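Undergrad: Got a structure for you, written out below as structure tokens; questions coming shortly.
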Amino acid sequence: MESKSTLKTGRFYYGWVVVGLSMVSMAFWFGIRTTFSVFFVALIDHFHWGRAEAAGAQSIAMMVYMIMAPIVGTLVDRIGPRKVILPGIILTGLGFLLCAQIKTILQFYLFFGIIVGMGVTCLSIAPFTVILAHWFERKRGMANGLAGVGIGVGVFILVPLIQFLISFKGWPFAFLIFSLLIFTIPLPLNALFLRHGPQDMGLLPDGQSLKNLNEGNLIKTQNKEAKTPLPWEELTLGKTLLTIRFGYVILFPACTTFGVYIIVVHHLKYLVDLGVDKIWAASLLAIIGALSAGFRFFWGWFSDRAGREITFTLGGASFSSGILFLLLYQYYPSLILLYLFALFFGAGWGVTAPMFMSITGDFYKGKFFGLIYGVVEGAIGLGSALGAWVAGVIFDQTQNYFWAFVLAILLNLVSILLVWLAAPRKFRKVHPLPF
């Protein structure tokens, strides 16, 4: 007679439900991050704050994320995801309620930067990468890519919605509606359907049955085929965090997101300054989000076949090209350049989350993965905070975003080099998967 696990894995695999929850949660997580650019314009127009000053709220939120991500990642594995994620969602909703009452820049820093910054970490890529690493091995890139689709969907839906609400009834009303959405969508869904790992339901990673596993353990099978022992097999946690490879693993996403947040936070104001209509600019960001959603799934699937380095290189080249088209728009104001920016930046942005999640999982999925990926996300938070703030400083000093955009391109090229130096190909056998 077949085991309980074998029987269950012959049916629909519950891991894909967890992927769906990850998608919805990350839609709100990144929707909150990107709608900041819309609130950024509205609050500057209302309070006449400086750009670096206003962008400071996003930078504070990212610094809080840097601190909270390792804690959240560790707690997910220690006490379970529900006890971490549900309180975080409640805190996020409360922060947005308070944002509707903003009167000073310090209140903006407190309500958005600290309260929302703490809460939204629990909806972010940090806990869900840890959770998905339990549910998937061979199909990790595909699962992470599909979950990452939520990032683009959140941008596509929430950015134009918030811009419409602000235009219709003002930014306090938009903050209020956003709070209600948080309480009514991700909170009940995660409360009802979130599970920590397949073992909680008598299942195995990827929905495989026991009889299809070599020696009853998929990780051991993959490691036996790999060229080199995985870092977390031969080193203690402390030594792992001090290796040069771990340095590459935390630096490449930090460099990338430095550039991402230069663009995400400031490009809408940049376009408005150049005479682009606010609704049109917000709609362009929504289109970018939709494009990135499709590419996140594609890059995740593609990386399982072609490898992480090639995938990230192609995505990074698209990312830099998109920023270049945006930069050229101030000298040659053609809509074609904006459409090319949307296409290439959307494609390049789409490669980020799936590769951050998958490369770290390839190296460090194991006993301390929650803490390790939390540290990675902490570095990402630092890069994001600096990118948002530095671009504002550059503009305030030069009245132009030229050098900020050039810096974003250069750091993205550095991140591509760092991925090749980290060399995930040496630790992971590429398994061609049926589409």
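The values are calculated or read from the model by the stated rules, or taken from the named source; none is laboratory data. Owing to the predicted nature of the structure, the values given are computational and were not obtained by experimental measurement. Quick reminder, even Gly has a Cβ in these numbers, built from the backbone with ideal geometry, and neighbours come from all protein chains shown.
Undergrad: Go through the stretch 314-348 and count every residue that is closer than 18 Å to residue 153 by Cα and touching a Leu at 6+ places or on another chain (Cβ under 8 Å).
TA: Of the residues in the stretch 314-348, 5 are closer than 18 Å to residue 153 by Cα and touching a Leu at 6+ places or on another chain (Cβ under 8 Å).
Undergrad: Have a look at 325, 298, 345, 302 and point out the one that is buried (at least 24 other Cβ atoms within 10 Å of the Cβ) and not acidic (Asp, Glu).
TA: On inspection, the qualifying residue turns out to be 345.
Undergrad: Here's another thing I want to ask about it. Need the failing condition index for residue 277 against (1) surrounded by fewer than 24 Cβ atoms within 10 Å (Cβ to Cβ); (2) in contact with a helix residue (DSSP H, G or I) (Cβ under 8 Å, 6 or more places away or on another chain), just the number.
TA: For residue 277, the failing item is (2).
Undergrad: Suppose the filter is aliphatic (A, V, I, L, M), modelled with pLDDT under 90 and surrounded by 15 or more Cβ atoms within 10 Å (Cβ to Cβ); does residue 416 pass it?
TA: In short, no.
Undergrad: Which of the helices (runs of 4 or more DSSP H) found entirely inside the stretch 36-131 contain at least 1 residues meeting this: in contact with a Phe, Trp or Tyr (Cβ under 6 Å, 6 or more places away or on another chain) and among the aromatic types (Phe, Trp, Tyr)?
TA: 82-99
Undergrad: If you don't mind, another one. Out of all the residues in the stretch 382-410, which are surrounded by fewer than 22 Cβ atoms within 10 Å (Cβ to Cβ), more than 17 Å from the chain's Cα centre (by Cα), part of a helix (DSSP H, G or I) and not hydroxyl-bearing (Ser, Thr, Tyr)?
TA: 390, 393, 396, 397, 402, 403, 406, 407, 409, 410
Undergrad: Determine, yes or no, whether residue 252 is over 18 Å from residue 322 (Cβ atoms), crowded, with 23+ Cβ neighbours inside 10 Å, touching a residue at least 40 places away in the same chain (Cβ under 8 Å) and not β-branched (Val, Ile, Thr).
TA: yes
Undergrad: Could you list, in sequence order, the residues of the stretch 132-157 that are part of a helix (DSSP H, G or I) and over 24 Å from residue 286 (Cα atoms)?
TA: Across the stretch 132-157, the qualifying residues are 132, 133, 134, 135, 140, 141.
Undergrad: Looking at the stretch 11-63, which of its residues are among the basic types (Lys, Arg) and closer than 22 Å to residue 125 by Cβ?
TA: 33
Undergrad: State all residues of the stretch 147-199 that are among the charged types (D, E, K, R) and either at pLDDT 90 or above or surrounded by 24 or more Cβ atoms within 10 Å (Cβ to Cβ) (or both); if no residue qualifies, say none.
TA: Hit for the stretch 147-199 is 169, nothing else.
Undergrad: Which is among the polar types (S, T, N, Q) and without any contact (Cβ under 8 Å) to a residue 12 or more places away in the chain, of 415, 318, 384, 334?
TA: Residue meeting the stated conditions: 334.
Undergrad: Going by the structure shown, is residue 240 surrounded by 13 or more Cβ atoms within 10 Å (Cβ to Cβ), modelled with pLDDT of 75 or more and polar (S, T, N, Q)?
TA: no
Undergrad: Could you please tell me which pairs satisfy a Cβ distance under 7 Å, a separation of 6+ or placement on different chains, a first residue in the stretch 193-208 that is at negative phi and basic (Lys, Arg), and a second residue that is at pLDDT 80 or above and buried (at least 20 other Cβ atoms within 10 Å of the Cβ)?
TA: So the pair list comes out as 195/18.
Residues are listed down the side, and each one gets a yes or a no for (1) closer than 23 Å to residue 401 by Cα; (2) in contact with a Leu (Cβ under 9 Å, 6 or more places away or on another chain); (3) among the β-branched types (Val, Ile, Thr); (4) crowded, with 22+ Cβ neighbours inside 10 Å:
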| residue | (1), (2), (3), (4) |
| --- | --- |
| 20 | no, yes, no, no |
| 26 | no, yes, no, yes |
| 33 | yes, no, no, yes |
| 40 | yes, yes, no, yes |
| 46 | yes, no, no, no |
| 52 | yes, no, no, no |
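Undergrad: Let me ask you something else. In the stretch 46-68, what residues are over 26 Å from residue 370 (Cβ atoms) and touching a residue at least 24 places away in the same chain (Cβ under 8 Å)?
TA: Result: 46, 47, 49, 50, 51, 52, 53, 54, 55, 56, 57.
Per-residue answers, yes or no, for (1) at pLDDT 85 or above; (2) among the β-branched types (Val, Ile, Thr); (3) within 27 Å of residue 156 (Cα to Cα):
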position: 12; (1), (2), (3): no, no, no
position: 19; (1), (2), (3): yes, yes, yes
position: 25; (1), (2), (3): yes, no, yes
position: 32; (1), (2), (3): yes, yes, yes
position: 39; (1), (2), (3): yes, no, yes
position: 49; (1), (2), (3): yes, no, no
position: 61; (1), (2), (3): yes, no, yes
position: 65; (1), (2), (3): yes, no, yes
